[in-house]
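Engineer: Please find one structure pasted underneath; my questions will follow.
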Amino acid sequence: MPAPKIVTVGTVALDTILTATSKATEVLGGSASYFAVAAAHAAGVGIVAAVGGDFPARHLTALKRRGIGTEGIARREDKTSFRWTGRYSPDFSSRETLDVQLGIFDGYGPAVPEAWKDAPCVFLANGDPEHQISVLLQMRRPKIVVADSMNLWIEHKRPALEAVFRRCDGITLNDEEARQLTGEHNLLKAARRIRRKGPRFVIIKKGEHGCLLDDAAGTTFVPAYPLEEVRDPTGAGDSFAGGLMGVLASENGGDASPGAVRRGVLAGTVWGAFAVESLGPRRLMAADATDFRSRLHALKRMLRFAADPA
């Protein structure tokens, strides 16, 4: 495949997901997987990650079929793959991690393929901030760098994480993580404190309540796409980021202007909604350009508020 416009580093995993009514065992998961599937609809993307010798080849084949570069996924034959098992509450308002098997991360260092090092866009998906920094140092002159993280790294590797943030144009975090990072309960104050660390824009994700964007052009709130049924929230935030970065990478060879970011937020909202409609990434992987355009059009219509719709 041609050199990708987006390089992402993160996890490619095997997820076991339990809800009140369903269970999925060892489905394709991981932050980089969800991100790449969503981003690939708008721009070429390559994954930097690792899997174990036990990782099913069919999952890598499924990524390749969507035009996703897998040359950066190292197969460590002597290690087992990263596995996560989680259980959601009946209303999906909370999630309990039941088991994590780090497997391949023992002694792992990410390696960016030489042909990818000139990619204009980098997304640092949720993962060890030391791996995120390693990938950034291997890239030559990226135009746009956006990062995600989680409470584990905020608590245990804050200095490394803040070093990542200083190198970023944009940050995506959920509301709990933003509060933990800044000590601010008010999310607008939290977003602005994070921006003072260096990023041009900050997006705080609020799950079914949408997201808040803060940048030099002001503050914008975008609601989540309304769905009648949610089956599994796993990967929704990563898919949101994929939609966002796909737009940024596809416009003018890389554009993080306020207008592009806002268009990216709308695309991310749509892809995040696809992600929650099935256990694992099945619905996300089945969605095509027609599905996306239809849902994006519907979302834009919903946002055109009229006091008298007639």
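The values are calculated or read from the model by the stated rules, or taken from the named source; none is laboratory data. On a predicted model such as this, the values are computed, not experimentally measured, just so you know. As a convention, Cβ positions derive from the backbone with ideal geometry for all residues, glycine included, and neighbour counts pool all protein chains shown.
Engineer: Mind listing whichever residues of segment 245-275 are out of contact with any strand residue (DSSP E or B) (no Cβ under 9 Å at 6 or more places or on another chain), surrounded by 19 or more Cβ atoms within 10 Å (Cβ to Cβ) and either polar (S, T, N, Q) or not in a helix (DSSP H, G or I) (or both)?
Structural biologist: Scanning segment 245-275 gives a single hit, S250.
Engineer: For R95, all conditions in the list (1) within 26 Å of I17 (Cβ to Cβ); (2) modelled with pLDDT under 95; (3) in contact with a Ser or Thr (Cβ under 7 Å, 6 or more places away or on another chain) hold save one; what is the number of the exception?
Structural biologist: Result: R95 fails condition (3) only.
Engineer: With G242, G280, G237 as the choices, which residue is in contact with a Ser or Thr (Cβ under 8 Å, 6 or more places away or on another chain), of a type in the set (G, A, S) and outside any loop (DSSP other than H, G, I, E, B)?
Structural biologist: Residue meeting the stated conditions: G237.
Engineer: Check whether at least one residue in segment 60-76 is touching a Phe, Trp or Tyr at 6+ places or on another chain (Cβ under 6 Å) and in contact (Cβ under 8 Å) with a residue 60 or more places away in the chain, and report yes or no.
Structural biologist: No - not one qualifying residue is present in segment 60-76.
Engineer: Testing R295 on (1) more than 18 Å from V45 (Cβ to Cβ); (2) crowded, with 20+ Cβ neighbours inside 10 Å; (3) touching a helix residue (DSSP H, G or I) at 6+ places or on another chain (Cβ under 6 Å); (4) not aliphatic (A, V, I, L, M), one condition comes back false. Which one is that?
Structural biologist: Condition (2) is where R295 drops out.
Engineer: Let me spell it out: the conditions are (1) over 20 Å from Y34 (Cβ atoms); (2) surrounded by 20 or more Cβ atoms within 10 Å (Cβ to Cβ), and R196 meets all of them except one. Which number is the exception?
Structural biologist: Status for R196: all satisfied but (2).
Engineer: Among A43, A20, A24, which is the only one that is of a type in the set (A, V, I, L, M), touching a Lys or Arg at 6+ places or on another chain (Cβ under 8 Å) and surrounded by fewer than 24 Cβ atoms within 10 Å (Cβ to Cβ)?
Structural biologist: The unique qualifying residue is A43.
Engineer: Now a separate question. Looking at segment 107-123, I want the residues that are of a type in the set (S, T, Y) and have a partner that is part of a strand (DSSP E or B) and surrounded by 20 or more Cβ atoms within 10 Å (Cβ to Cβ) with Cβ atoms under 9 Å, at least 6 apart or on another chain. Which pairs are those?
Structural biologist: Y108/A50
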